[in-house]
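Have a look at the structure below, then the notes.
The values are calculated or read from the model by the stated rules, or taken from the named source; none is laboratory data. Keep in mind that what you see is a predicted model, and the values were worked out from it rather than measured. Every residue, glycine among them, receives a Cβ derived from its backbone with ideal geometry; neighbour counts consider all protein chains shown. Heavy atoms of the whole protein, side chains included, go into the accessibility calculation; ligands, DNA and RNA do not. Shrake-Rupley method; radii C 1.70, N 1.55, O 1.52, S 1.80 Å.
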Amino acid sequence: MKAMEEKILKEGKVLPGGILKVGNFLNQRIDSLFLREIGCEIARLYAGCGVTKILTIESSGIAIAAAAGMEMGVPVVFAKKHKSSNVDGEVYATTVHSFTHGNDYRAVVARDYLCGGDTVLLVDDFLASGNALQGLLQLTEMAGATAAGAAIAIEKRFQGGGDALREKGIRVESLACIQEMDDESIRFCQI
Ligand code: G4P
């Protein structure tokens, strides 16, 4: 999505440690009209795939997932992050390791909200090492649902998470895919 690349170049800022700051339009201040474009693009990419539900994880994935859900006319479910290791029998739960934050957390979804018959589109803002997406995939599999694929606003390809999912046969669509970046330039993948 050319508009996503242009937005990153114009408003993004590369921080030390390979972090791209996009708080001005995606992570803290949300550019609503641009969010609508993101939703439209995700809906276009997955049109005709029989998606019945969108699954994301709190917190920054929720706005993007909701924008896509409105365009696709399907419900949006978000996994909650729990610090506690208590597992309630009424939930699907998995442990996710955050590479960026260096901690583990549990991603939890109530069983009522994911069903065996669902075709699930996984949505998130960033795809880095891919642990959050792998966690969402596990929750989908626990429910006996089918994953249609993933739609990601920004993939940092140099961290390998997207390619690991593709190697597993999961369709991964990134609206912008960063090959490499430093404080002077950002280079996008030509795919
Ligand atoms: P992974 O899921 O792909 O393995 O990545 P990782 O654990 O490293 O990501 C942890 C968190 O950091 C996620 O958000 C993710 O969206 C975010 N993140 C990863 N890389 C970047 C980046 O370059 N820029 C920004 N702005 N965020 C990044 P989170 O901390 O779980 O929480 P939330 O922001 O969704 O609430």
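Structural remarks
- Selection from the stretch 47-76 of residues that are farther than 22 Å from H97 by Cβ and touching a helix residue (DSSP H, G or I) at 6+ places or on another chain (Cβ under 7 Å): V51, I54, A63, I64, A67, A68, M70, E71, M72, P75, V76
- Within the stretch 76-90, considering residues that are at pLDDT 60 or above, out of contact with any Asp or Glu (no Cβ under 7 Å at 6 or more places or on another chain) and open to solvent by 70 Å² or more (accessible area, probe 1.4 Å), the one nearest to L136 (Cα to Cα): H82
- Pairing each residue of the stretch 110-135 that is closer than 28 Å to F99 by Cβ with any residue that is acidic (D, E) and open to solvent by 30 Å² or more (accessible area, probe 1.4 Å), provided the two are 6+ apart or on different chains, yields C-beta distances under 9 Å for A110/D88; A110/E90; G130/D163.
- Among residues of the stretch 43-58 that are open to solvent by less than 10 Å² (accessible area, probe 1.4 Å), those with a beta-carbon under 7 Å from a residue that is among the hydroxyl-bearing types (S, T, Y) at least six positions away or on a different chain give the pairs L55/T140.
- Selection status of V22, away from the ligand (no atom under 13 Å from the Cβ), of a type in the set (V, I, T) and either over 14 Å from L175 (Cα atoms) or open to solvent by less than 60 Å² (accessible area, probe 1.4 Å) (or both): no
- Filtered residue count, the stretch 158-174, keeping only those that are open to solvent by less than 70 Å² (accessible area, probe 1.4 Å) and either in contact with a Leu (Cβ under 9 Å, 6 or more places away or on another chain) or within 11 Å of the ligand (Cβ to nearest atom) (or both): 10
- Among the residues of the stretch 112-133, just one is open to solvent by 40 Å² or more (accessible area, probe 1.4 Å), closer than 23 Å to G39 by Cα and either in a loop (DSSP other than H, G, I, E, B) or more than 6 Å from the ligand (Cβ to nearest atom) (or both), namely Y113.
- Restricting attention to the stretch 176-191 and to residues that are open to solvent by 30 Å² or more (accessible area, probe 1.4 Å) and assigned to a loop (DSSP other than H, G, I, E, B), the residue that is nearest to I152 (Cα to Cα) turns out to be I191.
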